[in-house]
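Below is one structure, written out as structure tokens, with a few remarks after it.
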Amino acid sequence: MQPSARVRTLREAPVDPGGTHVLYWMTAARRTRSSYALDRAIDWARELDKPLWVLEALRLGHTHASARLHAFVVRGMCDNAARFEASPIGYYPYVEPKLNAGKGLLQAFARRACVVVTDDWPVYFVKNMTRAAAAKIGVRMELVDGVGLVPMSAPDRCFTRAHDFRRWCQKHADLWLGPQPRVNPLARLQLPVAGKPPVSRSKWPAAPVEPDAALDHVARLPFARDIPAIPGEGGSKAGRARLRAFVATKLERYTERNQPEAEVTSDLSAYLHWGHIGAHQVLRAVLASEPEWSPASISDLSRGQREGWWGMSPAREGFLDQLLTWREVGHNFVWHRPEDYASYESLPGWARTTLRAHASDERPQLYSLAQFEAAATHDPIWNAAQRELVQTGRIHNYLRMLWGKKILHWSASPPEALEIMITLNDRYALDGRDPNSYSGICWVMGRYDRAWGPERAVFGKIRYMSSDSTRRKLRLRAYLQRFGPE
């Protein structure tokens, strides 16, 4: 078993062949299919001839914890439990019942482990949590990158334009179209059977995995904010069902995605964010939907072209550009800018210069975070987009751009606007706290964009959007009715 471009050692310590088990600490790739990390853990268990335990835990104390986010993850735990139960792998789901109740659980699981495998996740608290844990574990600890199609460590620079990143991906397609994670690693799996969990059930009781009981448990947790769960959202089963439905009924019309009433967006980003579905699963489903396609269909020209490279229909090429280029250019940024990826200082120099030049411009309106959060602006389109976020955990793709542009327009300063966007998105969006989320938010203020004219008040040379132009471009009657005032 040789390490790949997706595996790096976080804890430089020897593997302990005398340990009792291999541990996979599941933190980001929360699924049992198409997972590089699960594959890696299984390979270790085979090589060492040891049982494999999977620990999937959920903290209560992270900044934006809520019933909405917890319920999404817990539905995935229920799916995982059912799958692991039919395998020799031991599975231990844990949901903190109160703050810090899970302290010491990982160390207890790792105390007699031969080696620990976990997910490489580049943002939010997971990144810091894994590094802090590594300092307390006495055996080798590996990070496995299962975030996207392209290994995050592969590009040797931070791309500032999507075109350049797309061109790099096209030139290095053999890297990310090469060996993929196993479609179903649990099928006919032979490993030593995991027995009794190596931790105290009384101190850290396993979470319920029957769906009704699991969601009832979530509903009783003491969250800081009352943000309700969204029925039916979350879990690998739901993610795969949504992928099948998208490919079967929406993909052919994906060129209409800017129209809210067309309802052709995939709605997969939350499932990708939480690892309930993997990018390779999505890629395989799209490629399989065009039976005549083969790798030989790919263009010999790799110039960063948005259309024509895959040799597929325009709708499929448009979707794959979103999956590969626009999703993963964000991974590239946070990999190379781990400390400031969401900061105002991370914006392009030209953007900060023009925003600074217009910082004292009079704003047409000024709203506070509380007013934005309550959808209490003068603009019915913006208010509808904010209500969609609060009610569903999503904003339609095109309206998300307008949502951000108007926060910039109506905030006291650009840094305050950035903070408001991140707070609202991370608090309510099912796919918040994600590299792609920060890409989209920072795009509002110039990331991956260029200077535009004419120069305008407040925006300067930042790309401008207005509700009036949006109303002219989009069919919004049904959308405004659905997310209008109660």
Quiz prompt | Count of the range 434-476 residues which are assigned to a helix (DSSP H, G or I) and either touching a residue at least 40 places away in the same chain (Cβ under 8 Å) or crowded, with 20+ Cβ neighbours inside 10 Å (or both) | solution = 13
Quiz item: Of all the residues that make up the range 99-127, how many are within 22 Å of Arg6 (Cβ to Cβ) and polar (S, T, N, Q)?
Solution: 1
Practice problem: Considering only the range 222-238, state which residues are under 21 Å from Arg387 (Cα atoms) and surrounded by 19 or more Cβ atoms within 10 Å (Cβ to Cβ). | Solution: Ala229, Glu233, Gly234
Practice problem: Give just the number: which of (1) more than 28 Å from the chain's Cα centre (by Cα); (2) more than 16 Å from Ala262 (Cα to Cα) does Ala478 not satisfy? | Solution: (2)
Quiz item: Conditions: (1) hydrophobic (A, V, I, L, M, F, W, C); (2) touching a strand residue (DSSP E or B) at 6+ places or on another chain (Cβ under 7 Å); (3) part of a helix (DSSP H, G or I); (4) closer than 29 Å to Arg394 by Cα. Ile42 meets all but one. Number of the miss?
Solution: (4)
Exercise. Can you give me the number of residues within the range 442-460 that are on the phi > 0 side of the Ramachandran plot and not aliphatic (A, V, I, L, M)?
Key: 3
Quiz prompt | Single residue of the range 209-221 satisfying the filter (under 25 Å from the mean Cα position of the chain (by Cα) and part of a loop (DSSP other than H, G, I, E, B)) that is surrounded by the most Cβ atoms within 10 Å (Cβ to Cβ) | solution = Val209
Exercise. Report whether or not Ala241 is in a helix (DSSP H, G or I), surrounded by fewer than 16 Cβ atoms within 10 Å (Cβ to Cβ) and out of contact with any Pro (no Cβ under 7 Å at 6 or more places or on another chain).
Key: yes
Quiz item: Among the residues of the range 257-297, which ones are in a loop (DSSP other than H, G, I, E, B), more than 27 Å from Val74 (Cβ to Cβ) and under 21 Å from the mean Cα position of the chain (by Cα)?
Solution: Arg257, Val264
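A quick yes/no check of all residues on (1) assigned by TED's automatic domain parsing to the domain that holds Ser299; (2) charged (D, E, K, R); (3) touching a strand residue (DSSP E or B) at 6+ places or on another chain (Cβ under 9 Å):
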{"site": "Trp121", "(1), (2), (3)": "no, no, yes"}
{"site": "Glu142", "(1), (2), (3)": "no, yes, yes"}
{"site": "Phe165", "(1), (2), (3)": "no, no, no"}
{"site": "Arg188", "(1), (2), (3)": "no, yes, no"}
Quiz prompt | Condition met for Glu345 (within 23 Å of Met445 (Cα to Cα) and without any contact (Cβ under 8 Å) to a residue 12 or more places away in the chain) | solution = yes
Quiz item: Looking at (1) under 21 Å from the mean Cα position of the chain (by Cα); (2) of a type in the set (D, E, K, R); (3) within 26 Å of Gly393 (Cβ to Cβ), which is the one condition that is false for Arg6?
Solution: (3)
Practice problem: Name the one entry in Val150, Val183, Val73 that is within 30 Å of Ala241 (Cα to Cα), at pLDDT 95 or above and surrounded by fewer than 16 Cβ atoms within 10 Å (Cβ to Cβ). | Solution: Val183
Self-check item: Conditions (1) assigned to a strand (DSSP E or B); (2) in contact (Cβ under 8 Å) with a residue 60 or more places away in the chain; number of the one not met by Asn80
Solution: (1)
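The values are calculated or read from the model by the stated rules, or taken from the named source; none is laboratory data. Quantities reported herein were computed from a predicted structural model and do not represent experimental measurements. As a convention, Cβ positions derive from the backbone with ideal geometry for all residues, glycine included, and neighbour counts pool all protein chains shown.
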